[in-house]
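Below is one structure, written out as structure tokens, with a few remarks after it.
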Amino acid sequence: MSSETIRPTNPVPEEFAGASFPRAFKRAFHATRPKFFTASILPVVAGTAWGALAGTTFSWYVLALALVATVCVHAASNVLNDVGDDQIGTDPRNEQRIYPFTGGSRFIQTGILSPQSMARLGISLIAIASIAGLLLLIERGPMVIAFGIAGILLGVLYSLGPVKLASIGLGETAVAIAFGVIPVTGAAWLQGAPIDASLLLFSIPIGLWVENILLINEVPDMEADGASGKRTFPVRFGLAATANLYLAANVAAAAIVVLLAATGRLPMLTPLVPLGLLALAFKASKGIRVGMADRSVMTQSIEATLAIQAIGSIWLTGCVLYGVWF
């Protein structure tokens, strides 16, 4: 089906209208784009599982604080990204978006929340994350500050400030670090695991799967991003190169899992699912090559990418927990 035959949708303002606290909470919650929270929750859970395997103690309290801090930073990044994309004009001119996956939350463009309200929401979420970080600092010491500052800086500078990582071609790398290396290694360290080569390797597949969510979501936004000076990978290199990078990231993720299993850091059967997910990744990469010429296929490819990240991360977590329990 041609992309020209389908008009992009938006959130309906009437569904979020009202001055009561429940309605205000609904607006704030949906403005954070909670559909993507698995990209921050599952890395923390996977890292915590690794920590339970390698560490000597386990704390549910520390896990809860790590989840609050990470999800709030993620939510703040989504909200502030909407503010930044509205400022440079990419979201207002985006007519190729696939809502609710790409083109932002559309809350600013539909008048549900003002840019100022979105900015205040983002700052409030960072404040909540900072409180959780302070409690973790009390529990685990000053190393928490390094993880916290790195996560917040990557989240904010992705689309705001003098750097704007997404606009200079570093957005994809920033996301792989912010949703792979930092939450996985940080959560594992919080549970007592050493930060070693094996843990860093374990964090990379999870980061690559999340990075691919961003990469494929950038495809429908190529026209608007390019016109606004947002130099994402698809804007700079086109659909074919984006599809190749997407598939290479999935292959690299599977290869690293094979290496960890071969060296005894993960159970021998662990590579089965990441290798199996390559079939889904190959199909999604074909959708990227088509791009917005077929909106339905592009949507299915985005949904497949979300599934790869969720299934892969849950599977790795389960395999690590197998080592804990057996």
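In region 1-27, the residues that are open to solvent by 70 Å² or more (accessible area, probe 1.4 Å) reach residues that are modelled with pLDDT of 90 or more with C-beta atoms within less than 6 angstrom, at least six apart or across chains, in these pairs: M1/S296. Per the conditions (1) under 30 Å from E15 (Cβ atoms); (2) modelled with pLDDT of 90 or more; (3) open to solvent by 10 Å² or more (accessible area, probe 1.4 Å); (4) in contact with a helix residue (DSSP H, G or I) (Cβ under 9 Å, 6 or more places away or on another chain), the sole criterion not satisfied by R120 is (4).
For the residues A243, A281, the requirement of being part of a helix (DSSP H, G or I) and under 30 Å from A54 (Cβ atoms) singles out A281.
Restricted to region 179-189, and to residues there that are aliphatic (A, V, I, L, M) and open to solvent by 20 Å² or more (accessible area, probe 1.4 Å), the residue that is nearest to F147 (Cα to Cα) is I182.
Each row is one residue, and each column tells you yes or no for (1) open to solvent by 30 Å² or more (accessible area, probe 1.4 Å); (2) over 11 Å from the mean Cα position of the chain (by Cα); (3) under 18 Å from S77 (Cα atoms); (4) without any contact (Cβ under 8 Å) to a residue 60 or more places away in the chain.
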site	(1), (2), (3), (4)
A174	no, no, yes, yes
Q191	no, yes, no, no
S203	no, yes, no, no
V235	yes, yes, no, yes
A248	yes, yes, no, yes
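So which of I145, I131, I138, I98 is out of contact with any Asp or Glu (no Cβ under 8 Å at 6 or more places or on another chain) and touching a residue at least 40 places away in the same chain (Cβ under 8 Å)? Just one listed residue meets the conditions, I98.
Results for (1) part of a helix (DSSP H, G or I); (2) among the polar types (S, T, N, Q); (3) under 15 Å from the mean Cα position of the chain (by Cα); (4) farther than 18 Å from A132 by Cα, shown as yes or no for each residue.
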| residue | (1), (2), (3), (4) |
| --- | --- |
| E15 | yes, no, no, yes |
| F25 | yes, no, no, yes |
| P43 | yes, no, yes, no |
| L65 | yes, no, no, no |
| F107 | no, no, no, yes |
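The values are calculated or read from the model by the stated rules, or taken from the named source; none is laboratory data. Note that the structure is predicted; figures quoted are calculated from it, not measured. Ideal geometry is used to build each Cβ from the backbone, glycine not excepted, and the neighbour counts take in all protein chains shown. Quick note on the areas: whole protein, heavy atoms, side chains included, nothing else; ligands and nucleic acids left out. Shrake-Rupley method; radii C 1.70, N 1.55, O 1.52, S 1.80 Å.
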